[in-house]
Amino acid sequence: EWKAAREALAALAPAAGAPRAWAALGIAHQRLGEHAEAEAAFDRALLGTPAESSLRLNRGALRARRLDFDGARADFEPAGERHEARWNRAALRVLETVATTSGPAPRAAIEAARTDAGAPSSYWSDHTVGRLLFSALVERSHREYNASAEAELRDAEQWMEFDTFWDRALILHGYASLALATRVEALASEMAHSQLVTLRAEPPVRGASGSWIAAPLEAVAADLEHGEPAVAARRLATLMELPALRHYRVPCVACGRGALGVEACEEESEEFESE
């Protein structure tokens, strides 16, 4: 209830004068996308607790958003060595580099950002310098597209710390959003082949009881080899309509009769919807 919170805190903070009330008002403004008001509230909060690192991280992020990189740096530098502070300093380097340079990102700046950030996590939704750099360059290309955009993004690919499905998907999505068809086709084909190889190597597919899955997958592989991804996609869609696969069930290799799997996804269950 951010609007209600903002109204209540807007009345409370000036009367109370407490840094915590101003900080809460800043958060309410922030959640509502009122960035200038949020920054002003954090200014007031920091008058009472100038060393509070979480407030500095919040205000610094707002300053960076409006391209006040010096102001953001002044907030991030004394914010300590917690992961959040280190990451914000790393992110600032990346965003400032993308905003103030053209062409591929300078190696020294990205290496310095990696040093700031520390060891990256491979978890698909965690921040990494490489993921941020690629995403920021895609955004820059949307704002001011030029003929060198693809070359800049190809260069940024080398900074991706991991080669997971999610990292490849992020890269593919970036090229697709810019309608760079040649690169999209190459990456999509590569990802499809890689996933298909992994899927066909799964024990249930290789066993006798899973032959009914293996045969259609062989046809999908042939479609890809013949350059017919749309046909492959339709074939997979038909396969995924089968109840056994919709419920993630796989036949037992040992007996050919039993199965191991999940009956339903949580988001599709009545219990989840009723909550």
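The values are calculated or read from the model by the stated rules, or taken from the named source; none is laboratory data. Quick caveat: nothing in here was measured; it's all calculated off a predicted structure. Glycine gets a Cβ as well: all are built from the backbone with ideal geometry, and neighbour counts include every protein chain shown. Heads up: the accessible areas ignore ligands, DNA and RNA and are worked out on the full protein's heavy atoms, side chains in. Shrake-Rupley method; radii C 1.70, N 1.55, O 1.52, S 1.80 Å.
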Item to complete: Would you check if there is a residue in the stretch 7-17 being small (Gly, Ala, Ser), open to solvent by less than 20 Å² (accessible area, probe 1.4 Å) and either assigned to a helix (DSSP H, G or I) or closer than 30 Å to ALA156 by Cβ (or both)?
Response: yes
Practice prompt. Please name all residue pairs, on different chains or six or more residues apart, with Cβ atoms under 6 Å, provided the first residue is in the stretch 143-155 and is of a type in the set (D, E, K, R) and the second residue is open to solvent by 50 Å² or more (accessible area, probe 1.4 Å) and not in a helix (DSSP H, G or I).
Written response: GLU152/PRO104; ASP155/PRO104
Worksheet entry | Yes/no for ARG234 being in contact with a Phe, Trp or Tyr (Cβ under 7 Å, 6 or more places away or on another chain), surrounded by 13 or more Cβ atoms within 10 Å (Cβ to Cβ) and assigned to a helix (DSSP H, G or I) | no
Worksheet, complete the sentence: Turns out the helices (runs of 4 or more DSSP H) fully within the stretch 62-124 with at least 1 residues that are closer than 23 Å to TRP166 by Cβ and of a type in the set (A, V, I, L, M) are 83-100, 107-117
Worksheet entry | Residue count, the stretch 84-127 (criterion: open to solvent by 20 Å² or more (accessible area, probe 1.4 Å), hydrophobic (A, V, I, L, M, F, W, C) and under 19 Å from ALA72 (Cβ atoms)) | 5
Worksheet item: Given the stretch 128-209, what helices (runs of 4 or more DSSP H) lie entirely inside it while holding 3 or more residues that are out of contact with any strand residue (DSSP E or B) (no Cβ under 9 Å at 6 or more places or on another chain) and surrounded by fewer than 17 Cβ atoms within 10 Å (Cβ to Cβ)?
Response: 129-143, 149-157, 165-177, 181-200
Practice prompt. Identify, from the list LEU47, LEU32, the residue that is over 23 Å from VAL138 (Cβ atoms), among the hydrophobic types (A, V, I, L, M, F, W, C), open to solvent by 50 Å² or more (accessible area, probe 1.4 Å) and at pLDDT 95 or above.
Written response: LEU32
